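The next block holds one structure in the form of structure tokens; read it before the comments.
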Amino acid sequence: MSRPLFYVPAGTLDGAAPGERVTVAGSEGRHAATVRRLGPGEGVDLADGAGVRAAGQVEQAEGSELVVVLESVVREPRQPFRLVLVQALAKGDRDELAAETATELGVDAVVPWQAERSIVRWKAEKAEKSLAKWRAVVFAAAKQSRRATVPAVEAALDSAGLARRISSARLAVVLHEEAVEPLSRVLDSLIAHRHGGDGGEARGREDEVLFVVGPEGGISPAEIARFTEAGAVTALLGPHVLRSSTAGPAALALAGDRLGRWPGRTAEPS
């Protein structure tokens, strides 16, 4: 059985070494000490949500605090490329399901998108509550999958804002059922370009890859035109039309393998 993981504030594990004691407090400490009823001698993992993971043993558990004696501390290596899911708002919590599954599959950030054809609308106070809910969903998914890094959930964008974001990305892929180029070929081209010595300018940019997923009614022709003009490419996932909640995670699973982010693979084109 996997050791339970609890998050501590960013910076808590910076410079920490085996033998040191770390106190887990707040909601995480309460969950560990009161809900999980962990006791002295039990093994736990700690993470700061920014890529640092520590293993240790419980020394003390009282009230809402857990004191852990560290055994090891490691910073996980930076993954090839930064994968971002741009998920259109969708009804029936399908957008939240996409964000949750994407987190389990290793996404680095999630961006809610108010598409032209989105039935769901985020306005004023509802937007703040909905964004907070997405962040809670992503946090829980990161913890469940025992990730050392909690993906960022950014503020929602409209289509104009998304076009600007696309223009600054290394690659933006709009997943579209009418596309011709398979996503696997687009990813292989990205790898080949990266390894082909494309000059200091490209290597100096952040290797951010956006995957843009539309709502139930699809992405409008005007949005496709705007995004491709900003530098996006369209790509086809497979022979079947996927739901809004499925397309993003499917693309991330393929990207995790093709781009060398999953064990056993290197980022080399086939």
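We did not get these values from a lab; they are worked out from the coordinates using the rules stated. These numbers were taken from a predicted model, which means no experiment stands behind them. Cβ placement follows ideal geometry from the backbone for every residue including glycine, while neighbour counts extend to all protein chains displayed.
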Rh (Kirkwood, all Cα-Cα pairs) for region 82-258, Å, reads 16.3
DSSP beta bridges in region 58-187: the antiparallel percent, rounded to 5, is 30
Cross-link reach from Lys91 to lysines, straight Cα distance under 22 Å and at least 8 residues apart if same chain, gives Lys123, Lys126, Lys129, Lys133
Calculated from DSSP helices alone, with each H run of at least 4 adding -39500 (n - 2.57) and the total divided by the residues of the chain, [θ]222 nm to the nearest 500 comes to -10000 deg cm²/dmol
Percent antiparallel among DSSP beta bridges confined to region 1-82, nearest 5, equals 85
Note to self: C-alpha centroids of region 62-85 and region 128-149 sit apart, in Å, by 15
Given 55-66, 241-252, 12-23, the highest-first ranking by average Cβ count within 10 Å works out to 241-252, 55-66, 12-23
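Could you check what % of the DSSP bridge pairs in the chain are antiparallel, to the nearest 5?
Working: 20 of 47 bridges.
About 45 percent, rounded to the nearest 5.
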